[in-house]
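Following: one structure in structure tokens, then a few remarks.
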Amino acid sequence: MEDAIYKTLPSAEAKELNIQVLVMEFLGDDAVLLSCPQGPKESEAFVSAFLKRCLPGLREEVIQERLNRKAVILEHSIKQKKKQKRKRRKGLSAKEKRQLRLFEIKPEQQRYDLFLPLHNLWKQYIRDLCNGLRADTQPQMIQTKLLKADLHGAFVTVKKSKCPTYVGLSGIILQETKHIFKIITKDDKLKAVPKCNTVFSVEVDGFISYIYGSRFQLRSSERSAKKFKMKGSIDL
Amino acid sequence: MTAHVKDKDAFQRLNFLYQAAHCVLAQNPENVGLARFYCHTQKTISKRLVLRQDPSVKRTICKRCCSLLLPGITATIRQRRHYGQRRTVVRCLSCGLTKRFLNNPNYKLWAEQLEALLENQPKSAQSPNVQQTQQKEKKNVKSDTK
């Protein structure tokens, strides 16, 4: 095969021979060589175009760099597959939960009358929790029960707040997060009221209890396990 | 009859949350998010206080996205054959997780068995206390001898 190349090539192209022989060996037929351009500039352009076509995964600068080193590997580059770590977790991570927006209430469903049954259910639950809520029960006992109770569905009003616009808001609690109560008001608006620096009042069958939001900055699920201290400094 | 249950408040709370999720979904079947939130808090509470929940409750909550599985609304339930056995396949519509339950009439869950009832195991509940008191007595004896 080498002989065939020398015959077809003019002697002037002896410099470029190296490269072209490489090309020949790779492809293994004369047809490419015959169509090769004959001038030094043209052949250079041809090589670069050829390499670009054969190595689609590489950028032009990378190819040039490799040509300068004179070590050209014309093999099919095998991409090393990265071993993916298999997830053993079945559940979603917190980030995925946020992206999926699992816990959001859509604006069409923000209607006050939809959540009245929830409020009734909550009333039943509180009555059941406090053994019937008679007038002679001690308020302290109810307070300790209410601390551990669930507040979703409770009707609350904002009594005091550092921000005056919140004062007087009243509605049913739909969600309780670490720092925020999400309240739906009677005029079908979903309000997010921060717990910090706010005092809420909850009314159950004549018993009115106040919630100091600054002391309440916990997730509602964490609250059931927490021990509250009897004495605490009350600011605000 | 009703013996003193240890975490009565917490159990009541779990019950309320489960009912609330049902209530919300019954009012508006579109409002999956809020029901999911309640089920999520329910799950975290039971995790935190280490309270076991009944299989009938657990099986109606999606393990991955915590949504309440109601057939036709948030889940599909199919009977499928798998390796020659019939299974009930529950698929959550929001995240696509499937649960498979074998249809075996002879199988009894632990909660359904007679031993699991509280009345039938007072001895096992008392015995650790007895042992503890015995140990305390032993310790007292030791301290006396010293």
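Nothing in this text is a laboratory measurement; each read-out follows from the coordinates by a stated rule. Keep in mind the model is a prediction, meaning the values are calculated, not measured. Every residue, glycine as well, gets a Cβ built from its backbone with ideal geometry; the counts of neighbours run over all protein chains shown.
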Discussion item. Let me confirm one metric for peptide B:16-27, namely the mean number of other chain beta-carbon atoms within 10 Å of its residues' beta-carbons.
Written reply: 5
Worksheet item: With a 10 Å Cβ neighbour count serving as the proxy for reagent exposure, in which order, fewest first, do A:Cys163, B:Cys92 appear?
Response: A:Cys163, B:Cys92
Fill in: Pairs from A:Lys148/B:Lys108; A:Lys162/A:Lys189; A:Lys106/A:Lys229; A:Lys162/A:Lys186; A:Lys97/A:Lys148; A:Lys160/A:Lys189 whose Cα-Cα separation, in the structure shown, is over 31 Å
A:Lys148/B:Lys108; A:Lys106/A:Lys229
Fill in: Shielding by partners - mean other protein chain Cβ count within 10 Å, residues of B:37-44
5
Practice prompt. Could you let me know the centre-to-centre spacing of region B:7-21 and region A:162-197, using Cα atoms, in angstrom?
Written response: 23
Item to complete: Any of A:Lys226/B:Lys99; A:Lys182/A:Lys226; A:Lys182/A:Lys227; A:Lys123/A:Lys191 with alpha carbons more than 31 Å apart? Name them for me.
Response: A:Lys226/B:Lys99
Worksheet item: Loop-only check: which chymotrypsin sites (Phe, Trp or Tyr not before Pro) in region B:20-105 are DSSP coil with at most 16 other Cβ within 10 angstrom?
Response: B:Tyr83
Response to the item:
From fewest to most C-beta neighbours within 10 Å, the residues A:Trp122, B:Trp110 line up as B:Trp110, A:Trp122
